[in-house]
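In what follows, a single structure is set out as structure tokens and then discussed.
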Amino acid sequence: MTRWKLFIPLLLFLALGAFLLRGLFMDPTLLPSPLIGKPLPAFTLGTLADPAGVKRQSDLTGEVALVNVWATWCISCRAEHPWLMKIAAMGVPIYGVNYKDQREAALTWLKQLGDPYRFSLFDESGRLGLDLGVYGAPESYLIDRHGVIRYKRVGVIDERIWRDELEPAINRLRAEP
Amino acid sequence: MSAALTRWLLLGTLLLTTTLGAVEPDYQFDQPEQSQRFHRLLDQFRCPKCQNTNLVGSDAPIAADLRQHIYQLMNEGRSDREIEEYLVERYGEFVLYKPRAQGSNWLLWLAPAMLLLGGLGYVALLIARRRPQATPATGLSSDERARLDQLLKRQEPPG
């Protein structure tokens with residue numbers, strides 16, 4: 001037997017170790033979304049402020065925008081809220097999807113904490129949330145000017161996410177024709 | 001504790017756990033086959049939120065929503081395949097416990113068989129290599145045999 005063959009088990013072990021090490025730093029709760037690259041799902045929903053003011057997916061398209069799924073029962077949404085206010089102040093349009101919530105509670109929330117949204121769709125049944133593949137609020141989708149979902153964030157948007165992911169993505173999408 | 005009592009206690013525990021594990025009772029079906037189909041479907045999809053349970057066992061609100069939707073889709077007369085597609089379109093292949101046999105998933109499906117074949121091939125190679133070495137070891141020429149006998153005789157203790 002040639003001597004180099006003795007190193008095969010060591011090499012196999014190192015390869016396995018590299019995969020396992022990588023696995024340690026991955027978040028298993030982040031699922032790849034099949035909706036990336038697909039248009040926003042169709043919907044017809046009233047808004048929080050105006051139940052009769054029906055909106056469609058075409059009302060969200062035209063410019064690069066953030067679609068943010070939130071609810072008053074969602075504790076991390078409260079943590080995220082100040083950042084949404086900042087992002088809105090920087091001129092990024094944000095549309096809310098008020099997901100399986102109560103209208104009164106949601107309106108009070110916006111009154112107390114401020115309203116970063118152009119409008120919030122009132123998705124009481126969670127039907128739009130289901131079509132968006134929401135499995136835990138807050139979730140945010142970045143749509144391009146044609147209404148195609150280009151980026152998804154599951155979890156809170158904070159300074160790091162804004163700086164490292166969201167802002168570069170917005171700039172990239174704005175540069176597109 | 002008597003054996004009979006233990007038996008009854010065990011039966012009681014068993015019945016209790018089945019009730020707890022059951023799906024919300026509001027799903028009514030006309031035929032028992034449909035109910036079976038419903039449970040089979042719930043059994044084969046994974047809850048996106050609490051990741052290592054299927055839709056039957058999960059208490060997450062999203063799992064309840066998905067159960068309700070599957071019920072609705074069944075009543076609309078959709079096929080198993082369509083229901084599967086509906087979920088995959090929204091939550092990705094992650095919801096399937098059984099990965100589809102397509103694309104890079106072939107690696108998952110074929111890896112065990114390839115490893116087994118590779119191992120068998122290796123073993124076969126080892127056996128094939130050993131055989132030609134073993135034959136000359138037993139087949140001694142007549143000269144060698146005579147010499148071996150002599151050596152063995154010399155080794156025998158006297159008397």
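The values are calculated or read from the model by the stated rules, or taken from the named source; none is laboratory data. Every value quoted in this text rests on a predicted model; they were computed, and no experiment measured them. Cβ: placed from backbone, ideal geometry, glycine included. Neighbour counts: every protein chain shown.
Details
- For region A:135-152, the candidate set comprises residues that are among the hydroxyl-bearing types (Ser, Thr, Tyr) and under 21 Å from A:Met85 (Cβ atoms); within that set, the residue that is surrounded by the fewest Cβ atoms within 10 Å (Cβ to Cβ) is A:Tyr151.
- Only one of B:Glu84, B:Glu76 that is closer than 28 Å to A:Pro28 by Cβ and among the acidic types (Asp, Glu): B:Glu84
- Some residue of region A:1-9 being without any contact (Cβ under 8 Å) to a residue 40 or more places away in the chain and surrounded by 10 or more Cβ atoms within 10 Å (Cβ to Cβ): yes
- Annotation note: Cβ proximity below 7 Å between a residue of region A:131-142 that is within 7 Å of chain B (Cβ to nearest Cβ) and a residue that is surrounded by fewer than 23 Cβ atoms within 10 Å (Cβ to Cβ) and among the basic types (Lys, Arg) (sequence gap 6+ or interchain) occurs for A:Asp131/B:Arg90; A:Gly133/B:Arg90; A:Tyr135/B:Lys49; A:Gly136/B:Lys49.
Residues are listed down the side, and each one gets a yes or a no for (1) assigned to a helix (DSSP H, G or I); (2) at pLDDT below 85:
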position: B:Arg7; (1), (2): yes, yes
position: B:Gly12; (1), (2): yes, yes
position: B:Thr19; (1), (2): yes, yes
position: B:Glu24; (1), (2): no, yes
position: B:Phe29; (1), (2): no, yes
position: B:Gln36; (1), (2): yes, no
position: B:Cys50; (1), (2): no, yes
position: B:Asp65; (1), (2): yes, no
position: B:Gly77; (1), (2): no, no
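- Just one of the listed residues (A:Arg172, A:Arg163) is of a type in the set (D, E, K, R) and under 20 Å from A:Thr61 (Cβ atoms), namely A:Arg172.
- Here B:Leu126 does not fit the description of being modelled with pLDDT of 90 or more and away from chain A (no Cβ under 12 Å).
- Residues located in region B:55-92, provided they are more than 13 Å from chain A (Cβ to nearest Cβ), within 24 Å of the chain's Cα centre (by Cα) and surrounded by fewer than 17 Cβ atoms within 10 Å (Cβ to Cβ): B:Gly57, B:Asp80, B:Arg81
- Which numbered condition B:Ser58 fails, given (1) without any contact (Cβ under 8 Å) to a residue 40 or more places away in the chain; (2) assigned to a helix (DSSP H, G or I); (3) of a type in the set (Ser, Thr, Tyr); (4) within 30 Å of B:Gln34 (Cβ to Cβ): (2)
- Residues in region A:20-52 that are more than 30 Å from A:Glu124 (Cβ to Cβ), within 14 Å of chain B (Cβ to nearest Cβ) and not in a loop (DSSP other than H, G, I, E, B): none.
- Residue that is nearest to the other protein chains (Cβ to nearest Cβ) [pool: residues in region B:93-108 that are under 19 Å from A:Pro28 (Cα atoms) and assigned to a helix (DSSP H, G or I)]: B:Phe94
- Among the residues of region B:47-63, not a single one is small (Gly, Ala, Ser) and over 29 Å from A:Val154 (Cβ atoms).
- Test: A:Pro32 is loosely packed, with under 13 Cβ neighbours inside 10 Å, closer than 25 Å to B:Ile62 by Cα and in contact (Cβ under 8 Å) with a residue 40 or more places away in the chain: no
- Apart from one condition, A:Ile157 fits all of (1) in contact (Cβ under 8 Å) with a residue 12 or more places away in the chain; (2) buried (at least 20 other Cβ atoms within 10 Å of the Cβ); (3) within 13 Å of another protein chain (Cβ to nearest Cβ); the exception is (3).
- For region A:5-56, the set of residues classified as of a type in the set (S, T, N, Q) and over 21 Å from A:Val154 (Cα atoms) consists of A:Thr44, A:Thr47, listed by residue number.
- Set A:Leu113, A:Leu121: member being touching a Pro at 6+ places or on another chain (Cβ under 9 Å) and hydrophobic (A, V, I, L, M, F, W, C): A:Leu113
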